[in-house]
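The values are calculated or read from the model by the stated rules, or taken from the named source; none is laboratory data. Predicted model only: the values in this text are computed from it and were never measured. Don't worry about glycine lacking a Cβ; one is built from the backbone with ideal geometry, like all the others, and counts go over all protein chains shown. Each accessible area value is taken on the protein alone, full model and side chains, heavy atoms only, with ligands, DNA and RNA left out. Shrake-Rupley method; radii C 1.70, N 1.55, O 1.52, S 1.80 Å.
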Amino acid sequence: MAVSDRSRNALLPSFLYAAPSAAAASTPFSAAAGIGGRGLVAPSHAAATRPAAWARAPSEPSRKIEMYSPAFYAACTAGGITSCGLTHMTVTPLDLVKCNMQIDPAKYKSISSGFGVLLKEQGAKGFFRGWVPTLIGYSGQGACKFGFYEFFKKYYSDIAGPENAVKYKTLIYLAGSASAEVIADVALCPMEAVKVRVQTQPGFAKGLSDGLPKFVKAEGYAGLYKGIVPLWGRQIPYTMMKFSSFETIVEMIYKYTIPAPKSECSKSLQLGVSFAGGYVAGVLCAIVSHPADNLVSFLNNAKGATVGDAVKKLGLWGLFTRGLPLRIVMIGTLTGAQWGIYDAFKVMVGLPTTGGVAPTPAAAGEQLKG
């Protein structure tokens with residue numbers, strides 16, 4: 001497959017994503033594409049005897065989008081909109097129960113009783129209260145989260161240079177995801193504020209159309225951003241864990257679990273790896289970010305409340321544990337689905353899935369020379 005000058009100049013991301021050339025793939029011992037980077041690639045005649053799941057992924061000689069071009073970042077942004085907006089809207093009932101358990105634990109004592117209370121008081125329609133601000137807010141957040149992550153990961157890799165980009169790849173994942181989330185939360189915060197108020201104060205508003213004007217009238221436009229610091233406190237650690245652990249988990253799956261290089265796996269198997277890696281990453285995300293999630297729910301529900309008020313009322317134990325089991329289930333499923341949808345979108349537009357076997361410094365140097 002012909003490689004453009006821009007792809008040759010790419011650092012860390014291209015090593016993770018780019019499929020080997022046809023010439024390299026045909027050699028029995030390709031160091032770049034070997035299992036776990038060990039160069040243990042089966043001869044080409046053996047590949048034909050593998051099960052269908054391990055069949056070599058179809059080549060992409062006519063890839064529509066050039067890596068790291070403006071069209072590439074636009075595609076990643078669109079994929080982020082699709083993955084985050086739809087998944088968060090789908091789990092609105094779980095989010096609704098979780099928020100109410102955080103705000104009023106005496107009334108919403110458990111997951112099952114929480115659903116029962118909502119059904120009795122608000123009917124079936126009540127389970128999707130706040131779905132519009134959820135869809136809009138998390139679509140905007142997803143656009144910035146995934147689009148800017150790809151940008152910053154490439155940007156920091158270029159700054160680090162080939163050897164350091166490989167040596168400190170986890171730090172690059174962390175820095176890239178944190179930088180992206182700072183921007184993403186600016187897009188999310190106003191819709192998150194309205195969503196929480198609509199979901200946790202019955203009678204406040206039916207949805208976004210009447211909820212936003214009421215919120216602004218009561219607290220002004222600045223009130224839409226009063227939860228930005230706790231939101232950063234929740235989302236930045238969440239996103240750092242989401243991206244860095246996903247990249248690491250996917251790398252380990254291809255290195256230790258799947259008996260074939262990523263380039264020889266079918267697209268369906270690669271998407272399965274994306275979902276599995278995303279689910280495990282989501283569980284870790286939920287645990288790390290949960291105290292801040294409780295703070296965001298408390299501050300957006302109570303007018304004039306402060307972080308000190310939240311800690312005093314919830315207590316440290318409640319801050320870390322209230323609503324956590326439900327959030328683990330919700331965020332694990334959510335994150336797995338997001339990575340699956342995001343990578344499926346990338347495949348649909350002719351891009352490779354995210355993550356894979358880590359590069360070697362030698363390979364990095366060769367890419368830079370190209």
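For residue 225, the requirement of being open to solvent by 30 Å² or more (accessible area, probe 1.4 Å) and either in the same structural domain as residue 283 (by the TED database) or touching a Cys at 6+ places or on another chain (Cβ under 9 Å) (or both) is met.
Might you check whether a residue that is more than 16 Å from residue 334 (Cα to Cα), in the same structural domain as residue 187 (by the TED database) and not in a helix (DSSP H, G or I) occurs anywhere in segment 77-95? Scanning segment 77-95 turns up no residue that is more than 16 Å from residue 334 (Cα to Cα), in the same structural domain as residue 187 (by the TED database) and not in a helix (DSSP H, G or I). Taking segment 304-335 as the range and being buried (at least 23 other Cβ atoms within 10 Å of the Cβ), in a helix (DSSP H, G or I) and of a type outside the set (A, V, I, L, M) as the test, the residues that pass are 327, 335. It is to be established whether one or more residues within segment 241-249 are under 24 Å from the mean Cα position of the chain (by Cα), outside the structural domain of residue 149 (by the TED database) and open to solvent by 40 Å² or more (accessible area, probe 1.4 Å). Yes; the residues of segment 241-249 include at least one that is under 24 Å from the mean Cα position of the chain (by Cα), outside the structural domain of residue 149 (by the TED database) and open to solvent by 40 Å² or more (accessible area, probe 1.4 Å).
Residue under question is residue 277, and the condition is that it be surrounded by 21 or more Cβ atoms within 10 Å (Cβ to Cβ) and not assigned by the TED database to the domain that holds residue 178; does it hold? Against the criterion (surrounded by 21 or more Cβ atoms within 10 Å (Cβ to Cβ) and not assigned by the TED database to the domain that holds residue 178), residue 277 qualifies.
Here's the yes/no breakdown for (1) open to solvent by 10 Å² or more (accessible area, probe 1.4 Å); (2) farther than 23 Å from residue 73 by Cα; (3) in contact with a helix residue (DSSP H, G or I) (Cβ under 9 Å, 6 or more places away or on another chain); (4) touching a residue at least 12 places away in the same chain (Cβ under 8 Å):
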{"position": "257", "(1), (2), (3), (4)": "yes, yes, yes, no"}
{"position": "293", "(1), (2), (3), (4)": "no, yes, yes, yes"}
{"position": "302", "(1), (2), (3), (4)": "yes, yes, yes, no"}
{"position": "339", "(1), (2), (3), (4)": "no, no, yes, yes"}
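Just checking, does segment 92-105 include any residue being modelled with pLDDT under 90 and surrounded by fewer than 18 Cβ atoms within 10 Å (Cβ to Cβ)? Yes, some residue in segment 92-105 is modelled with pLDDT under 90 and surrounded by fewer than 18 Cβ atoms within 10 Å (Cβ to Cβ).
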